[in-house]
Amino acid sequence: MILALAGRRVDAVDAKQQRFPAKNVDMVRERIRSLLQTQSAVALVGSAACGADLLALSEASKLGLRSRVVLPYGREKFRTTSVTDRQGDWGPLYDKLLNEVEKSGDLIVIPANSEDTAYGETNQSILDQALLLGRQLTDRVTAVLVWDGKSRGQGDVTEKFGIYARNKSIPVVEVMTL
């Protein structure tokens, strides 16, 4: 099974609504690990933001699974805008995991059309890369949403990931962050 994953980042310290509180990191890590095992995953395709992405990449690495990472910007810009801007020690984990992925040739930086569309384009590319990998490995693809199960409203890229997947007839499973 090839898993295409997108999900919530860890909440900012001043978040008005909890979607992925830092206190739930270990619980979500265990849920992701369990999913990787029960789905008999052989590969994971996702991005590398703090929270769901890095937890999934870390668990996939520990299990010896192949990981393909899609970024809308170069490594350093993405690190600043989507990794180290939240509490926690995400930066060193990001560096370690991206070094592994880059070494294996599975780091893809897409040329996002604009800042406004970068993350939506990344999510579409994650699904496309998962389907490509599925064809190459002759394996099925499932999309994974790691979230609180509720839309943030217009512009919720995690919700849209699920919509993109369903539009491509990719089954969707959810991992709850709460």
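The values are calculated or read from the model by the stated rules, or taken from the named source; none is laboratory data. Quick caveat, the model's predicted, so the values are computed rather than measured. Here Cβ is always computed from backbone atoms with ideal geometry, including for glycine, and neighbour counts include all displayed protein chains. Ligands, DNA and RNA are stripped out before the accessible areas are found, and what is left, the full protein with its side chains, is counted by its heavy atoms. Shrake-Rupley method; radii C 1.70, N 1.55, O 1.52, S 1.80 Å.
A compact table of results
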{"item": "Estimated distance in nm for a label pair at T80 and A12, the labels positioned 7 Å out from Cα along Cα-to-Cβ", "result": "1.7"}
{"item": "Test item: Cα-centred dipole of region 83-178, Lys/Arg +1 and Asp/Glu -1 on Cβ, debye", "result": "400"}
{"item": "Dipole in debye (nearest 20) - region 1-147, about Cα centre, beta carbon charges: Lys, Arg +1; Asp, Glu -1", "result": "360"}
{"item": "Accessible-area order (highest first, 1.4 angstrom probe) of the listed residues I2, I110", "result": "I110, I2"}
{"item": "Solution diffusion estimate, µm²/s, Stokes-Einstein, region 91-178, Kirkwood Rh from C-alpha pairs, 20 °C, viscosity 1.002 mPa s", "result": "147"}
{"item": "Burial order of peptide ranges 160-166, 60-66, 92-98, 45-51 (average beta-carbon count within 10 Å, highest first)", "result": "45-51, 160-166, 92-98, 60-66"}
{"item": "Accessible area of region 1-90 belonging to carbon and sulfur atoms, whole % at 1.4 Å probe", "result": "46"}
{"item": "Probe 1.4 Å, protein heavy atoms only - accessible area per residue of region 1-125 in square angstrom", "result": "45"}
{"item": "222 nm mean residue ellipticity, helices alone, for the chain (DSSP H n ≥ 4; -39,500 (n - 2.57); rounded to 500)", "result": "-14000 deg cm²/dmol"}
{"item": "Inter-site label distance for K150 and S40 at 7 Å from Cα along Cβ, in nm", "result": "3.7"}
{"item": "Length-normalised contact order of the chain in % [C-alpha pairs under 8 Å, at least 6 apart]", "result": "30"}
{"item": "Cα-based Rg / Dmax (Å) for region 58-107", "result": "11.0, 30"}
{"item": "Cβ-based net charge around T177, under 13 Å, with every Lys or Arg adding one and every Asp or Glu removing one", "result": "+2"}
{"item": "Rg(Cα)/(2.2 N^0.38 Å) for region 41-139, N = residue count", "result": "1.02"}
{"item": "V141 long-range amide H proximity, modeled H, under 5 Å", "result": "I2"}
{"item": "Answer label, with Cα Rg over 2.2 N^0.38 Å calculated from the coordinates and candidates (1) 0.93; (2) 0.99; (3) 1.45", "result": "(1)"}
{"item": "Residue-count net charge about L54 - beta-carbon cut-off 14 Å; Lys, Arg +1, Asp, Glu -1", "result": "+2"}
